[in-house]
Amino acid sequence: MKRLSLAVLLAGITAGSAMAQDFGAVALSGSAEMDLFYRTNNTADGDGKLLEEIAIVINLDGKEKLDSGNTLKWRLAQKVATDYRFDSFGQREAWIGYAGGWGELRFGNQFSNAYLTNDWPYGAKGATNLTGDFGAHSVQYTRAISYFSPNLNGFNLQAQYDLGTGDGDLYAYEVTGSYAAGPLALDLGYTNGHGFNNGTEALAPGWDGGWGKGGKYSASNQDSGQSTYYIGARYNHESGFGLAALYKHHEWDKGTFGGWGNAGSTSVSYNNASADQWLIRGSMSVGQHSFALGYQAITDMDVDSGKLNSGISQIHFQYDYPLSKATGFFVQARHEMMDKQAGIVAPGGYQIDGWNGKSDNVTRVLVGTWTGF
């Protein structure tokens, strides 16, 4: 992380102004990732595609010591250099918090802690398109109040509540926790949303057509809802051996799967739907070389009294090698296998590596670098 004076950042704007002030130190951090990858079965006739993604994340963090001894904190964060989302600063994160020996309280646009846990560490090494982005949980809360407990002998507790809108019965909440002792760590959480149903894609509550936008409410959705609970365990030995396992259960109320994308005109409406998901992965580091191999599966969707033939399974692999203290090189491969009706519960091909909805599998092979600063 780099320390910058905000007055320097604003110098070009405030030069010559008698009102210019030194606002103190601001921490600048982030990451820069380059991905070049090939995906099979992406076109209607089954051809593959060579693609790239450049992801640059910029975080601005500030803090101010208060007279009470507590600390005021804030963050403004954005992912830039993408061609289809995050097009305004603060859509990623924009919050103000207050911290002390009692914990931390934050207000504003924040990531879901459940999502962050499922995205990393469990979604690491190429698995997060299913662990983090698929399910009945939310990716972020745009109108959130969040509490983070202090570390209690290895145990940490977090609670988040999204206020939703003032003109409708829409809200969301979650409770998550973790415990770490030596090489072992445990994670668990529960998320619940009412007044909206985003299907199998992790979005903001009442997603309003853009990343970082939520709160859209319709009276016709007042009985809709979604929830997820998960439990996971991680073990990392000093020898370089690691093991991770995760179990998730998803539930949806009053909604419709399909009707667009890979599902075409086929849709399934339901009062209640549910699916289970699990992952297991092993890893090993030898010198500067690291290897990881994992498997995860999403079960067939239970819809009211029936079951769809919609299971999805994935094998994922990653090799890592450091190029410097801040930059790593990696090779990643993942192969997904879909049952006949998978396109109904996951109609967006982008959820499963650009899958064309016609073949029963898709493979992505990727090379890239990641730099943290």
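Once neighbouring chains are kept in place and the probe is 1.4 Å, which whole percent of the accessible area of the chain is contributed by carbon and sulfur?
Here it works out to 57 percent.
So if I place +1 on the C-beta of Lys and Arg and -1 on the C-beta of Asp and Glu, and nothing else carries charge, what would the dipole magnitude of the range 28-186 be about its Cα centre? I want it in debye, nearest 20.
So the dipole magnitude of the range 28-186 works out to roughly 480 debye.
Is the shape of the range 82-182 rounded, prolate or oblate, going by the alpha carbon gyration tensor and its root eigenvalues a ≥ b ≥ c, with a/c under 1.5 for rounded and a/b larger than b/c for prolate?
Oblate, since a/c reaches 1.5 and b/c is not below a/b.
Remind me, relative contact order of the range 244-373 in percent, using alpha carbon pairs under 8 angstrom and six or more residues apart?
22 percent
Return the calculated 222 nm mean residue ellipticity for the chain, to the nearest 500 deg cm²/dmol, obtained by summing -39500 (n - 2.57) across DSSP H runs with n ≥ 4 and dividing by the residue count.
After summing the helix terms and dividing by the residues of the chain, the value is -1000 deg cm²/dmol.
Using a Gaussian network model of the chain whose springs link C-alpha atoms within less than 10 Å, name the residue from Asp300, Asp35, Asp67 with the highest mean-square fluctuation.
Asp67
Picking from Gly123, Gly103, Gly294, which is most flexible by a Gaussian network model of the chain using Cα springs under 10 Å?
Gly103
Once ligands and nucleic acids are excluded and a 1.4 Å probe is used, how much of His137 is accessible, expressed in Å² to the nearest 10?
About 0 Å², rounded to the nearest 10.
In percent, what relative contact order does the chain have, based on Cα pairs under 8 Å that are 6 or more apart in sequence?
14 percent
Pick from Lys340, Lys325, Lys216: which residue has the top mean-square fluctuation in a GNM of the chain where Cα pairs under 10 Å get a spring?
Lys325
Farthest toward the dipole's positive end in the chain, which of Ala342, Gly215, Phe329, given Cβ charges of +1 (Lys, Arg) and -1 (Asp, Glu) about the Cα centre?
The one lying farthest along the dipole's positive direction is Phe329.
What is the range 119-166 by shape, rounded, prolate or oblate, if you read a ≥ b ≥ c off the alpha carbon gyration tensor as root eigenvalues and call it rounded for a/c under 1.5, prolate for a/b larger than b/c, and oblate otherwise?
oblate
Can you give the direction-averaged projected area of the convex hull of the alpha-carbon atoms in the chain, in nm²?
Across all orientations, the chain yields a mean hull projection of 21.1 nm².
Of the options Ala202, Ala244, Ser305, report the single residue whose Cα projects farthest towards the positive end of the charge dipole of the chain (beta-carbon charges: Lys, Arg +1; Asp, Glu -1).
Ala244
Given 0.36 nm per residue, what is the gain on full extension from Tyr98 to Asp304 after removing their alpha carbon distance, in nm?
Between Tyr98 and Asp304, full extension yields an extra 69.7 nm.
For the range 252-350, what class follows from the C-alpha gyration tensor (a ≥ b ≥ c being the square roots of its eigenvalues): rounded when a/c is under 1.5, otherwise prolate if a/b is larger than b/c, else oblate?
prolate
Search the structure for amide H atoms under 5 Å from the amide H of Ile56, placed 1.01 Å from N in the peptide plane, and list their residues when 5 or more places away or on another chain.
Long-range HN contacts for Ile56: Glu33, Val80.
Sort Ile298, Ile280 by heavy-atom solvent-accessible area, probe 1.4 angstrom, most to least.
Ile280, Ile298
The values are calculated or read from the model by the stated rules, or taken from the named source; none is laboratory data. Because the structure is predicted, anything quoted here is derived from the model rather than measured. No Cβ is skipped: glycine too gets one built from the backbone with ideal geometry, and neighbour counts run over all protein chains shown. Note: areas computed on protein heavy atoms with side chains; ligands, DNA, RNA excluded. Shrake-Rupley method; radii C 1.70, N 1.55, O 1.52, S 1.80 Å.
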